[in-house]
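K.L.:
Next up is a structure, given as structure tokens.
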């Protein structure tokens, strides 16, 4: 096994705590790597006016693979107010560095698996027939287009005159908003391109074929958002018919899907969506497998081999201030397994996943979320495992 260099991006809040545990587990599993730390996040926004410094971009350009902890993002005015005094009033505007990485490196494919762990006390349970209870097994992989849609960043408040004039050429804008003063209008665009839409659809179908899922579900809203959602569903029909006829193509609206995922989550396999709807449905399914403490993700560009692997939870700054970290590191550890899969170290990834599954099934070591406690510093005294103790338990199984 060739020794690799991995860019470690702790980010903000609890990011460092969970990333440290993931690296300890990787070391214990026999993954031979050197980790170089990159600067990213709120500290660098406040002190440098840039949450994604050029030096970090160069690190990823060189080494291609990154493990990412968590990020803090705040609204525009609040972010500007936290800049250091010497940077105030210079027209700096905060933008999410993780979104910046996606767009800069074309990390347009985002994969978010949601799998049930047997023995997890947070697993979704529903009522069955005759007053019985059922615990359906969830095995869903969401493919989320990562660089376009509502997160593309093409938006304005008080839009420039040429943008306003262009909007006024649309009869519905003219009818519904033509009477509104331009200064009172904010516009966020939802742009889909055929090239990026085809890439995410093919990634979803290819994954379904490789891992023998019976269906791919397009989760959008084509009956209302006719141009963008409609284009994705039409392209999915064409791709399925031409290249993946053995895989069923399903079509759900995002609002109905959020209802159905608690009625029959075991029916779904691979789901594909644009950025916003993919974000929503992946959090919904994550709730069925235990919440964000178990929600991992990969975002990558198959052409360049660049990938960033991160849990989908936030930075939780309150927890970062605790003397002993209490947060669940499993989502970060699972994200590191996705990294291993991406670079072809499937055997090590399998070992780690097996160890995680054994710890959860055994039930002796559980973080506060798994014990359904409120996240206070006192949970350790009440029997909850710390972040490090969960890492220790997984390493012991390895």
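K.L.:
Out of 303, 283, report the one residue that is within 28 Å of residue 217 (Cβ to Cβ) and without any contact (Cβ under 8 Å) to a residue 40 or more places away in the chain.
P.N.:
Numbers: 303 fails: without any contact (Cβ under 8 Å) to a residue 40 or more places away in the chain.
Selected residue: 283, the only one of 303, 283 that is within 28 Å of residue 217 (Cβ to Cβ) and without any contact (Cβ under 8 Å) to a residue 40 or more places away in the chain.
K.L.:
Moving on. Which numbered condition trips up residue 99, out of (1) farther than 20 Å from residue 217 by Cβ; (2) in contact (Cβ under 8 Å) with a residue 60 or more places away in the chain; (3) buried (at least 17 other Cβ atoms within 10 Å of the Cβ)?
P.N.:
Residue 99 satisfies all of (1) farther than 20 Å from residue 217 by Cβ; (2) in contact (Cβ under 8 Å) with a residue 60 or more places away in the chain; (3) buried (at least 17 other Cβ atoms within 10 Å of the Cβ) except (2).
K.L.:
Which residue is nearest to residue 288 (Cα to Cα), if the candidates are limited to the stretch 144-157 and must be part of a loop (DSSP other than H, G, I, E, B) and out of contact with any strand residue (DSSP E or B) (no Cβ under 8 Å at 6 or more places or on another chain)?
P.N.:
Filtering first and then ranking leaves 147.
K.L.:
Something else now. Picking from 53, 97, 113, 75, which residue would you name as being modelled with pLDDT of 95 or more and either within 17 Å of the chain's Cα centre (by Cα) or within 23 Å of residue 283 (Cβ to Cβ) (or both)?
P.N.:
Checking each option against the conditions leaves just 113.
K.L.:
Now, a different point. Scan the stretch 234-247 and tell me whether some residue there is surrounded by 23 or more Cβ atoms within 10 Å (Cβ to Cβ) and either in contact with a helix residue (DSSP H, G or I) (Cβ under 7 Å, 6 or more places away or on another chain) or not assigned by TED's automatic domain parsing to the domain that holds residue 336 (or both). I'd like the intermediate steps shown before the answer.
P.N.:
Taking the stretch 234-247 first, the residues surrounded by 23 or more Cβ atoms within 10 Å (Cβ to Cβ) are 236.
Narrowing the set further to residues that are either in contact with a helix residue (DSSP H, G or I) (Cβ under 7 Å, 6 or more places away or on another chain) or not assigned by TED's automatic domain parsing to the domain that holds residue 336 (or both) leaves 236.
Checked the stretch 234-247: at least one residue is surrounded by 23 or more Cβ atoms within 10 Å (Cβ to Cβ) and either in contact with a helix residue (DSSP H, G or I) (Cβ under 7 Å, 6 or more places away or on another chain) or not assigned by TED's automatic domain parsing to the domain that holds residue 336 (or both).
K.L.:
State all residues of the stretch 254-272 that are surrounded by 19 or more Cβ atoms within 10 Å (Cβ to Cβ) and not in a loop (DSSP other than H, G, I, E, B); if no residue qualifies, say none.
P.N.:
The answer is 254, 257, 265, 270, 271, 272.
K.L.:
At least 2 residues that are touching a helix residue (DSSP H, G or I) at 6+ places or on another chain (Cβ under 9 Å) and closer than 26 Å to residue 296 by Cβ in each: list the helices (runs of 4 or more DSSP H) lying fully within the stretch 39-143 that qualify. Give the derivation first.
P.N.:
Numbers: elements: 42-48, 54-63, 76-81, 97-105.
Counting at least 2 such residues, we get 42-48, 54-63, 97-105.
K.L.:
Take the conditions more than 12 Å from residue 21 (Cβ to Cβ), in a loop (DSSP other than H, G, I, E, B) and either out of contact with any strand residue (DSSP E or B) (no Cβ under 7 Å at 6 or more places or on another chain) or touching a residue at least 60 places away in the same chain (Cβ under 8 Å) (or both) and apply them to residue 382. Does it pass?
P.N.:
yes
K.L.:
Continuing with this model, one more query. I'm trying to understand the selection: among the residues of the stretch 303-320, which are surrounded by 13 or more Cβ atoms within 10 Å (Cβ to Cβ) and outside any strand (DSSP E or B)?
P.N.:
Of everything in the stretch 303-320, those that are surrounded by 13 or more Cβ atoms within 10 Å (Cβ to Cβ) and outside any strand (DSSP E or B) turn out to be 312, 313, 314, 315, 316, 317, 319, 320.
K.L.:
Further question on the same structure: Does the stretch 358-376 hold any residues that are part of a helix (DSSP H, G or I), surrounded by 15 or more Cβ atoms within 10 Å (Cβ to Cβ) and over 23 Å from the mean Cα position of the chain (by Cα), and which are they?
P.N.:
Those that are part of a helix (DSSP H, G or I), surrounded by 15 or more Cβ atoms within 10 Å (Cβ to Cβ) and over 23 Å from the mean Cα position of the chain (by Cα): 358, 359.
K.L.:
Could you identify the single residue in 355, 331, 393 that is part of a helix (DSSP H, G or I) and within 15 Å of residue 122 (Cα to Cα)?
P.N.:
331
The values are calculated or read from the model by the stated rules, or taken from the named source; none is laboratory data. The structure presented is a predicted model; accordingly, all values stated were derived computationally and were not measured. Cβ: placed from backbone, ideal geometry, glycine included. Neighbour counts: every protein chain shown.
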